[in-house]
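Each reported figure results from applying straightforward, stated rules to the coordinates on display, with no laboratory input. What you see is a predicted model, and the numbers here were worked out from it, not measured in a lab. With ideal geometry, Cβ positions are generated from the backbone for all residues, glycine too; neighbour counts draw on all protein chains shown.
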Amino acid sequence: MKEQLLNDPVFGMAAGQFDRVADFLNLDQSVRERCKWPKRILTFSLPVHMDDGRTEVFFGYRVQHHLSRGPVKGGLRFHPKVNVGEVAALAMWMNWKCSLMGLPYGGGKGGITCDPSKLSMTEQERLTRRFAQEITPFIGPEIDVMAPDVGTNAQHMAWILDTYSTHAGRFVPEIITGKPVELQGSEGRTEATGHGVAFLVTRALDKLGLPVQGATAIVQGYGNVGSYAVETMEAFGMKVRGVSDVSGAIWNVNGINSDKLRAHVAKTGGVAGFKEAEPIDPDEVLLRECDVLVPAALERVITEKNAPNLRCRILAEAANGPTTQPADAVIEERGDIFLIPDVLCNAGGVTVSYFEWVQNLQRFSWTKTEVLTKLETKLNEAFENLLAFCDRNQCGTRLGALATGVDAVARVKKTRGLFP
Ligand code: GLU
């Protein structure tokens, strides 16, 4: 299994990052191995009745990286390229993210290999419920709490909540986060990740002495995270000049109107064809000059090929794992790009998920303003702590963020003993 995981390029990348951090922290061999490998890797075959009468068998995964600091936490992804190595890498990143943010969770991630754009809503419902049913013995509010990720949203969470609650014989809102507000989801959860990205961008601009008003941005990806990052950066007075997604890329030097873009995407399914912008090449848009570049799609899009040609001052990693290790080395060597690493940059989502879980456990609810204010306080604290750590240790923000996360996990494992 170790070899199989290491053969996957995304897991190889997460493991490579971990090894670098473990060397930096001087972790002894026993704790190093225990931190690196996932505790549980679950694979499910999921037979589903399709609308045309066929039965199709999908594959689903859940990786629970470790349970030493509390239940595992992390999203469930629907994407045609999902595989166990990618899910294991994403689970490992969730670990360091939760630990960096001081959340009482280990990392988890799930995925179903499927193309949601080719499935009807009824097929998606049957697939989601089938997965929820198969995974029920392995999850729980104190064991594993799932949430949305690429290709899933509040509706998928509602189906999981309903399936789990039906099995339990009672309503169990604390089994899942990112659910609709009427099912005791949290105010502010939908926009939390994008809001957090935009907030951290303003903090980084401040550090660089650049004004937020009129600062320019380019966003790759227009899913939940990308769309709310665009909207919130615009609300903070920035100008989003370029946006891309699977349908293509668009450019408007005066800034793209986020309300109109959201309406266009709701109607057509993608950013391509938006009237108030010109089409441009999706690879080229990453290389245009801007203050802030926000990769908000999938892993490994900033590579050693495009990293030397980036023309941004800030790289805000809204996606998980968007920058390969060789690209990281190029960015470090260049020294002119302020990196907001993924485990901090997109931590707004899981932080508000934590707030949602806490509200559910207490049968209490906070207002959106309360939620977003608490989120900003937590992100700001983590951001300032990270910069202080990097200053003390003379290291970059990638290494600093991962080291902070890994160190806290390693300490817990050492203190608890061999079992967790
Ligand atoms: N899928 C999101 C992430 O990658 C959120 C996870 C959660 O809220 O548990 O951080």
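What whole-number distance in Å separates the alpha-carbon centres of the stretch 222-262 and the stretch 65-110? Rounded to whole Å, the Cα centres lie 28 Å apart.
Take the Cα of Asn393, step 7 Å toward its Cβ, do the same at Val172, and the gap between the two points is 3.8 nm. Checked against a 32 Å cut-off, the cross-linked pairs Lys118/Lys378; Lys36/Lys81; Lys2/Lys97; Lys36/Lys368; Lys305/Lys378; Lys39/Lys239 give Cα-Cα distances beyond that limit for Lys118/Lys378; Lys36/Lys368; Lys305/Lys378; Lys39/Lys239. Over all other residues within a Cβ to Cβ distance under 10 Å of Gln184, the charged ones net out to -1, with Lys and Arg as +1 and Asp and Glu as -1. Please state, as a whole number in µm²/s, the translational diffusion coefficient that the Stokes-Einstein equation yields for the stretch 79-235 at 20 °C and 1.002 mPa s, with Rh defined as the Kirkwood radius across alpha carbon pairs. Taking Rh from Cα pairs, D becomes 123 µm²/s. Answer with one residue from Ala382, Leu361, Val412: the one whose Cα lies farthest towards the positive end of the charge dipole of the stretch 338-420, charges on Cβ with Lys, Arg +1 and Asp, Glu -1. Result: Val412.
Over the chain, dividing the summed -39,500 (n - 2.57) contributions of all DSSP H runs of at least 4 residues by the number of residues returns a 222 nm mean residue ellipticity of -15000 deg cm²/dmol. Taken about its Cα centre, the chain carries a charge dipole of about 980 debye when Lys and Arg each add +1 at the Cβ and Asp and Glu each add -1 at the Cβ. Averaging Cα coordinates gives a centre for the stretch 339-375 and one for the stretch 1-59; these two points are 26 Å apart. Its alpha carbons give the stretch 165-226 an Rg and a Dmax of 17.6, 56 Å. A simple spin-label model places the labels of Glu3 and Asn385 4.0 nm from each other, with each point 7 Å out along Cα-to-Cβ. Looking at the stretch 37-187, the DSSP beta bridges with both ends there are about 55 percent antiparallel. In the stretch 18-74, which trypsin sites (Lys or Arg not before Pro) are in a loop and have at most 13 other Cβ atoms within 10 Å, using DSSP for the loop call? Hits after loop and neighbour filter: Arg54. Quick one: among Glu182, Glu356, Glu381, which has the greatest mean-square fluctuation in a GNM of the chain with alpha-carbon springs under 10 angstrom? Of the options given, Glu182 has the highest mean-square fluctuation. Each residue in Phe364, Phe383 was given a count of other beta-carbon atoms within 10 angstrom of its own, and listing them fewest first yields Phe364, Phe383. Subtracting the Cα-Cα distance of Ala266 and Phe24 from 0.36 nm times their residue separation leaves 82.5 nm of extension gain. Taking 4 °C and 1.567 mPa s as the conditions, I'd like the Stokes-Einstein D for the chain in µm²/s, using the Kirkwood hydrodynamic radius from alpha carbon pairs. It comes out at roughly 60 µm²/s. Think of the stretch 259-313 as having a plus end and a minus end, set by charges on the Cβ of Lys, Arg, Asp and Glu; of Gly273, Ile302, Leu286, Gly273 sits farthest toward the positive end of this dipole.
Dimensions of the stretch 376-420 from C-alpha coordinates, computed as largest minus smallest value along each principal axis and given longest first, are 33, 26, 14 Å.
Relative contact order of the chain, taken over Cα pairs closer than 8 Å and 6 or more residues apart, is 16 percent. Its Cα centre serving as origin, the stretch 288-383 has a Cβ charge dipole (Lys and Arg +1, Asp and Glu -1) of approximately 300 debye.
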